[in-house]
Amino acid sequence: MLIRNLENKMKLAFAVSIGSFITSIVIVAITFGFAYQLVIKSQGQIYVLDGSVPQLATQTDISVNREVEYQSHINLFHMLFFNLPPDDEFMKENISKAMYLIDKSGQIEYNNLKEKGYYNAILASSAILSIRTDSIKVDMEKNSFMYYGTQRIERETSILKRSLITSGNFKDVPRTENNPHGVLIENWKTILNKDISHDRKRKL
């Protein structure tokens, strides 16, 4: 009888020990998870000084605004590539900046235009070229875009407007000073570029 009682007490003590061990592991796991969440949350909070007063700024996930960044990048490229005054140095500077935002397809298009005398014609006629972005459609699943814009070519005697549609793909790359959005346009091509109006300027 005594031996049986000892066995039962040993079994009970063993069960209590195992239960305590498992409970300890669960508590440690919950504590670790809670602490990890606190660390992640704290990393997303940044304090900035407004004068001498600290203000809390919350860091957001990059994916939240990524589509907007893609659109901004595509818009910036087209602004640099198509806003061209009759200034050779300014044109070269703009094109140079644009080439940081696109793959070799941008250089190919630039070389084609250069061979056709496009940039020389701008200088010779003192034309002022500008572009207005009408819309940019981004397909996040296919990493592709369609750009819709209106070109304005102002010469001494006339103003020509052209409808421009281009397409391409994009991919994420490391952010740099020359590519602040961290995006690279690929396979860029012109889908449509046609005249929509041609007005003569009135002579004063």
Next on the checklist: Give me the dipole magnitude in Debye, nearest 20, for the stretch 101-189 about the Cα centre, with unit charges on the beta carbon: positive for Lys and Arg, negative for Asp and Glu.
Outcome noted: 240 debye
Checklist entry - How much net charge surrounds Ser167 when only other residues with a Cβ under 13 Å from its Cβ are counted (Lys, Arg +1; Asp, Glu -1)? => result 0
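What full-extension length gain, to one decimal in nm, is calculated for Ile165 and Lys92 as 0.36 nm per residue of separation minus the Cα-Cα distance? Before the final figure, lay out each step's value.
Details: separation 73, 0.36 × 73 = 26.28 nm, distance 2.32 nm.
Net length gain for the segment: 24.0 nm.
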Item to check | Distance between modelled label sites at Ala35 and Asn65, nm, 7 Å Cα→Cβ extension | outcome: 3.4 nm
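Net charge around Lys104, counting only other residues with Cβ within less than 14 Å of its Cβ (Lys, Arg = +1; Asp, Glu = -1)?
On the way: positive: Lys171, Lys189; negative: Asp103, Glu109, Glu186.
So the environment of Lys104 carries a net charge of -1.
Which of rounded, prolate or oblate describes the stretch 74-204 when judged by the alpha-carbon gyration tensor and an a/c cut-off of 1.5?
Details: a/c = 2.28, a/b = 1.60, b/c = 1.42.
Prolate is the answer for the stretch 74-204, as a/c is 1.5 or above and a/b outweighs b/c.
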Checklist entry - Under a plain spin-label model, where a point goes 7 Å from the Cα along Cα-to-Cβ, how far apart in nm are Ser105 and Ile27? => result 6.1 nm
Checklist entry - Tell me, what ³J(HN,Hα) does each residue in the stretch 184-191 have, in order and in whole Hz, if you take phi through Karplus 6.51 cos²θ - 1.76 cosθ + 1.60 with θ = phi - 60° and put x for Gly and Pro? => result 10, 6, 10, 6, 6, 8, 8, 8
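Every read-out reported here was derived from the displayed coordinates using simple, explicitly stated rules and does not represent laboratory data. Just so you know, these numbers come straight off a predicted model, no measurement behind them. Neighbour counts run over all protein chains shown; Cβ positions are idealised from the backbone, glycine included.
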